[in-house]
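Single-structure report; data block below.
The values are calculated or read from the model by the stated rules, or taken from the named source; none is laboratory data. This structure is a prediction, so every number in the text was calculated from the model and none was measured. Virtual Cβ from ideal backbone geometry, glycine too; neighbours counted across all protein chains shown. The accessibility values were calculated without ligands, DNA or RNA, using every heavy atom of the protein model including side chains. Shrake-Rupley method; radii C 1.70, N 1.55, O 1.52, S 1.80 Å.
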Amino acid sequence: QVHLVESGGGLVQAGVSLRLSCAASGSIFSIYAMGWYRQAPGKQRELVAVIASEGSTNYADSVKGRFTISRDNAKKLVYLQMNSLKPEDTAVYYCNRAPPVIGSWGQGTQVTVSS
């Protein structure tokens, strides 16, 4: 079982940057791919960024070039650097393994981008 705690969200204006953090505990961390997911009101949760155990990354087309995922295996942390934020990035952001462990969703962190 893995326990995940997200932080770093907030209410910001379009165009600015935020960095989200995810702290993992309770399980071996470094061998798993990790992802950042988001769920906007009325929409399904979607995967926006993935980082493999060795550091390779992939992004959803909607965030490619603006978001950067990274990890610190020693500290069991995953980050999501979000630049040039847009109103359509408004959502609750979650981290989890990729593919996700269903019982390990945290409470997420709210990101609200105003125009």
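Numbers for the structure displayed
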{"item": "Karplus (6.51, -1.76, 1.60) ³J(HN,Hα), θ = phi - 60°, over segment 40-54, in Hz, Gly and Pro reported as x", "result": "8, x, x, 10, 6, 5, 10, 7, 10, 7, 10, 10, 6, 4, 8"}
{"item": "Proximal charge balance of VAL16 [Cβ under 12 Å; K/R count +1, D/E count -1]", "result": "+2"}
{"item": "Proximal lysines relative to LYS75, as straight alpha-carbon distance under 29 Å, when same-chain residues fewer than 8 apart are discounted", "result": "LYS64"}
{"item": "Sparsely packed trypsin sites (Lys or Arg not before Pro) within segment 1-49, loop by DSSP, other Cβ within 10 Å at most 12", "result": "LYS43"}
{"item": "Heavy atoms of SER62: accessible area, 1.4 Å probe, square angstrom to 10", "result": "60 Å²"}
{"item": "Top of PRO100, PRO87, PRO41 by mean-square fluctuation, Gaussian network on the chain, Cα under 10 Å", "result": "PRO41"}
{"item": "Net charge over other residues, Cβ less than 11 angstrom from the Cβ of VAL2 (K, R count +1; D, E count -1)", "result": "+2"}
{"item": "Surface accessible to a 1.4 Å probe, per residue, for the residues of the chain, Å²", "result": "51 Å²"}
{"item": "Exposure of TYR94 as accessible area (Å², to 10), given a probe of 1.4 Å and all protein chains", "result": "30 Å²"}
{"item": "Chain lengthening between ILE102 and SER62 when straightened (0.36 nm per residue, less Cα-Cα)", "result": "12.0 nm"}
{"item": "Net +/- balance of residues flanking GLY35 in space, Cβ distance below 13 Å, scoring K and R +1, D and E -1", "result": "+2"}
{"item": "Choice from GLY42, GLY55, GLY26 with maximal GNM fluctuation in the chain (Cα, 10 Å cutoff)", "result": "GLY42"}
{"item": "Accessible carbon and sulfur surface of segment 1-112 relative to its total accessible area, %, 1.4 Å", "result": "51 percent"}
{"item": "Those aspartates and glutamates that a straight Cα-Cα span of less than 13 Å connects to LYS43, excepting residues fewer than 8 apart in one chain", "result": "GLU88, ASP89"}
{"item": "Given charges at beta-carbon only (K, R positive; D, E negative), |dipole| of segment 35-109 in Debye", "result": "120 debye"}
